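FYI, it's all coordinate maths here, none of it is from the lab. Here the structure is a predicted model, which means the values were calculated and not measured. Virtual Cβ from ideal backbone geometry, glycine too; neighbours counted across all protein chains shown.
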Amino acid sequence: MTIHEATLISSSEVAKGTSAFCFSKPIGFTFKAGQAIDLILLAPDLPVGQGERHTFSIVSAPFQNELCITTRMRDSAYKRRLGSLRSGALVHIEGPFGSLVLHNKTSRAGVLIAGGIGITPFMSMLRQAAHDALPQDLLLVYSNRRPEDAAFLQELGSLEQKNRRFRMLATMTQMANSSQAWSGETSLLNESMLKDVMAGLAEPVVYLAGPPAMVAAVRLTLSKARVDDDDIRTEEFYGY
Ligand SMILES: Cc1cc2nc3c(=O)[nH]c(=O)nc-3n(C[C@H](O)[C@H](O)[C@H](O)COP(=O)(O)OP(=O)(O)OC[C@H]3O[C@@H](n4cnc5c(N)ncnc54)[C@H](O)[C@@H]3O)c2cc1C
């Protein structure tokens, strides 16, 4: 796969302990919403492509000019190096790859289930869908511990206003530890909640992204809710 050069344009905190990094989009780089890249942080002592790499879903949409990723800023060697990058810093990007992309048949609804940072591939899809006025029903089920941990919550609210075919159910499962107000759902994703929220959607295809333990648990819940395995697509964010 080709290795592209890109430079850091900006970085910002988008939720507590979660930052977005936007890079220049290499000329000729195209991708589908939901796909991922390897972001390679350069080590001067190593040959091209041999720097430290991590995989990230692209959180910006294909129509946008920049290539952005969003990540939990934990205390790993890679994240320390990522966090120390300044505007203009050179990185290498390999990709895009991955098949977590929306199905073509728009008469079938898409149900996007995100656990925490698993929101990233779905942000790209939802930004693109609103931009294209995609004629497809999309439902996002977004589970976080607290509102302060939930990246893009405000933008998702705006996308709901902009795209009448998109609606969101957000749940905050540890409100006892939160300093923010929340009047919405607070339970863990369960069978009856998923059945209720998906009722009436035409032949939904379910997309599931997040840490492996969350993906495994929700997959089990979906099977109890009698969602056919063939209609479930998953992305596990290893490393969490
Ligand atoms: C398709 C895909 C998309 C992803 N998208 C995002 C995203 O949008 N945002 C985001 O924050 N993260 C994403 N991840 C996860 C990301 O690549 C990192 O693993 C994660 O951010 C943790 O990195 P770290 O530096 O905090 O921890 P690290 O110190 O790198 O890893 C923590 C632990 O996980 C283990 N580990 C790391 N990678 C793997 C692996 N591939 N397989 C098995 N074990 C592993 C390590 O051995 C270590 O024990 C994605 C992963 C995949 C596969």
Whole-Hz couplings from phi, Karplus 6.51/-1.76/1.60, listed for the range 67-72; x for Gly and Pro | 9, 10, 10, 9, 8, 6
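In what order do 238, 78 fall by count of nearby beta-carbon atoms within 10 Å, going from fewest to most? The partial results should precede the final answer.
Working: 238 8, 78 16.
Sorted ascending by nearby Cβ count, the order is 238, 78.
With the contact rule set at Cα under 8 Å and sequence spacing of 6 or more, what percent relative contact order holds for the chain?
On the way: 497 pairs, mean separation 45.4, N = 240.
Relative contact order for the chain comes out at 19 percent.
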Which whole-number percentage describes the relative contact order of the range 1-43, with Cα contacts under 8 Å and a sequence gap of 6 or more?
-> 30
In order through the range 29-44: 3J(HN,Hα) via Karplus (6.51 cos²θ - 1.76 cosθ + 1.60), integer Hz, x for Gly, Pro | 7, 10, 7, 9, 4, x, 7, 10, 10, 9, 9, 9, 8, 6, 10, x
What net charge do the residues around residue 132 carry, taking every other residue with its C-beta under 15 Å from that of residue 132, with Lys and Arg at +1 and Asp and Glu at -1?
-> +4
What shape does the range 110-236 have by the C-alpha gyration tensor, where a ≥ b ≥ c are the square roots of the eigenvalues, rounded means a/c under 1.5, and otherwise prolate means a/b greater than b/c and oblate the rest?
-> oblate
If we count other beta carbons within 10 Å of each Cβ, what is the order of 123, 1, 175, fewest first?
-> 1, 175, 123
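Give the calculated FRET efficiency between residue 167 and residue 216 to the nearest 0.05, with a Förster radius of 25 Å applied to their Cβ-Cβ distance.
Values: r = 26 Å, r/R0 = 1.04.
So, using R0 = 25 Å, E works out to roughly 0.45.
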Cα-projected label distance for residue 224 with residue 106, points at 7 Å along beta-carbon direction, nm = 3.6
Mean separation of Cα contacts under 8 Å (6+ apart) over length of the range 106-240, as relative contact order % | 29
Low-density loop cleavage sites - trypsin sites (Lys or Arg not before Pro) in the range 38-136, where at most 10 other Cβ are within 10 Å (DSSP) | 86, 105
Kindly write out, for the range 228-237 in residue order, the coupling ³J(HN,Hα) from the Karplus curve 6.51 cos²θ - 1.76 cosθ + 1.60 (θ = phi - 60°), rounded to whole Hz, with x marking Gly and Pro.
-> 5, 3, 5, 9, 10, 10, 10, 9, 9, 8
Using amide H atoms built 1.01 Å from N in the peptide plane, name the residues 5+ places from residue 171, or on other chains, whose amide H lies under 5 Å from its own.
-> 142, 143, 144
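Set the Förster radius R0 to 35 Å, insert the Cβ-Cβ distance between residue 179 and residue 27 as r into 1/(1 + (r/R0)^6), and round the FRET efficiency to 0.05.
For R0 = 35 Å, the calculated efficiency reads 0.20.
Calculated FRET efficiency, residue 16 and residue 186, Cβ-Cβ r, R0 22 Å, to nearest 0.05? Present the calculation step by step, with values, prior to reporting the outcome.
On the way: r = 18 Å, r/R0 = 0.82.
Taking R0 as 22 Å, the efficiency between residue 16 and residue 186 is 0.75.
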Calculated [θ] (222 nm, deg cm²/dmol) that DSSP helices of n ≥ 4 give over the chain, each run adding -39,500 (n - 2.57) = -6500 deg cm²/dmol
